[in-house]
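Shown next, in structure tokens, is the structure this report addresses.
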Amino acid sequence: MNKSIRFLIILFVGLVLFTPWPVLAQQASPYPIGVVVDLTGRTSSIGIPEKRAFEIAFDEINAAGGVNGRALKVTYYDAESDTAKAVLHTKRLIDVDKVIICAGYSSSGTTMASIPIAESGAITLFSAAASDKIWVPTKKWAFNVVPRQKEASIPILIENLQKQGSKKIAYIYIDNVYGQTGKETFDWACQEMKITPAILEKYAPGSTDVGPQITHIKASGADGILVTGQVADTVMVIKNARDQGFTAPIVSDYAIVGPEFIDLAGRYGEGIVTTSLKTLVAPDLPDNDVQKKACMDLYTKYTAKHGAFSLYAGHAWDQAFIIAQALKKVDRKLDPAKEAGLTAIRAQLRDNIEATKNFVGQNGIFNYSPDNHNGLGPKCYVPVVVKGGKWQLFK
């Protein structure tokens, strides 16, 4: 062996031994991950904090060397609060970008429209929306991270209204997948709790006035209102009710949690009760709460970079770290840049997510199973109230 060849061998070995691990991770084919969120349009107040939290989480994972010696390469698409565009982006992520998983999905509508595409493409769709139709009945390739209204919102809010003295409760909801699921849950809760609602009302997405519905609610003699809607339209309902002289308690389903609601509602938001993942009030959690460490980690990083915390950041954080944990159990020899490797990674990743147990997240403690692709149990959320212009634990 001549000196030149010996020198090249020594140089190569030295580079391998002394190159930092994150650099080596970046040299291997990365794991491509697709994210579809609503950065513009009606539900942009959901998608923007989700993207911010994805960036926080994936940057942290990559800074630590990625997963299995590979960086995570994330492609983001804006669904623009439009189901058709969410479907197009999902197809592109699967067929063109060749991602190993499709994550994000800010609304139940964009999720439900995209699930058939993921199912036919044999790839996991990981949703951050609330409707239990996403996972009931179980769909092989669809998972989500948000507790359904049945466990985390509507029954708790009915009890809250009753504690505030309401005896005739009105329910008003947005007529989309999220609201329709809320209505079904409200009907179920009323039957379980043996109460008769004062009146049920609904409004179309994009409505700018619900004056007639509020008139009906007042005429019914209702002394409390429960709203299921997104941020802007829920504020519209509250404003219409207060401007028409409705002074009784108003509570809202959990989609409104975040600084956007407080900013948009102004004085109308004071005293409004909803439910939230614990991260919103992370500093107030007792030290023995098993979620406090994870909640404080996200709360501290998000608020330092973006100001007031948003509930929706927690959904993205849970997706990102559940994906990373499941990826660690994928055969590390499989190359995502090769078609056979990509297909195998997609399948193994799905199986590993389904096998996730006791994952301490922002939304709760996750325990997925073949017949439960939500993984969360009752009372994983806590009641919160707008008080003094900020969210606080409801006491």
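Worth pointing out:
- Looking only at the range 43-73, and only at residues there that are buried (at least 23 other Cβ atoms within 10 Å of the Cβ) and β-branched (Val, Ile, Thr), the one that is nearest to the chain's Cα centre (by Cα): Ile46
- Residue that is surrounded by fewer than 20 Cβ atoms within 10 Å (Cβ to Cβ), over 20 Å from Tyr312 (Cβ atoms), among the β-branched types (Val, Ile, Thr) and at pLDDT 95 or above, where the choices are Val23, Val87: Val87
- Only residues that are polar (S, T, N, Q) and either in contact (Cβ under 8 Å) with a residue 24 or more places away in the chain or part of a helix (DSSP H, G or I) (or both) were counted in the range 195-206, giving 0.
- Identity of the residue in the range 349-367, part of a loop (DSSP other than H, G, I, E, B) and more than 16 Å from the chain's Cα centre (by Cα), that ends up surrounded by the fewest Cβ atoms within 10 Å (Cβ to Cβ): Asn358
- Any hit, the range 165-177, residues being within 26 Å of the chain's Cα centre (by Cα), surrounded by fewer than 18 Cβ atoms within 10 Å (Cβ to Cβ) and among the polar types (S, T, N, Q): no
- Those residues of the range 104-138 which are modelled with pLDDT of 95 or more, assigned to a helix (DSSP H, G or I), buried (at least 19 other Cβ atoms within 10 Å of the Cβ) and of a type in the set (S, T, N, Q), in sequence order: Thr110, Thr111, Ser114
- In the range 178-194, the residues that are surrounded by 16 or more Cβ atoms within 10 Å (Cβ to Cβ) and either of a type in the set (Val, Ile, Thr) or more than 14 Å from Ser131 (Cα to Cα) (or both): Thr181, Thr185, Ala189, Cys190
- Looking only at the range 42-65, residues that are over 19 Å from Phe126 (Cβ atoms) and at pLDDT 95 or above come to 3 in all.
- Looking only at the range 238-283, residues that are within 22 Å of the chain's Cα centre (by Cα) and not hydrophobic (A, V, I, L, M, F, W, C) come to 13 in all.
- Residue in the range 325-348 that is in contact with a Pro (Cβ under 8 Å, 6 or more places away or on another chain), assigned to a loop (DSSP other than H, G, I, E, B) and within 23 Å of Ala71 (Cβ to Cβ) present: yes
- Test for Ile323: is it at pLDDT 95 or above and either among the polar types (S, T, N, Q) or touching a Ser or Thr at 6+ places or on another chain (Cβ under 7 Å) (or both): no
The values are calculated or read from the model by the stated rules, or taken from the named source; none is laboratory data. A quick note: this is a predicted structure, and the numbers were derived from the prediction, not measured. Note that each Cβ is placed from the backbone with ideal geometry, even for glycine, and that neighbours are counted across all protein chains shown.
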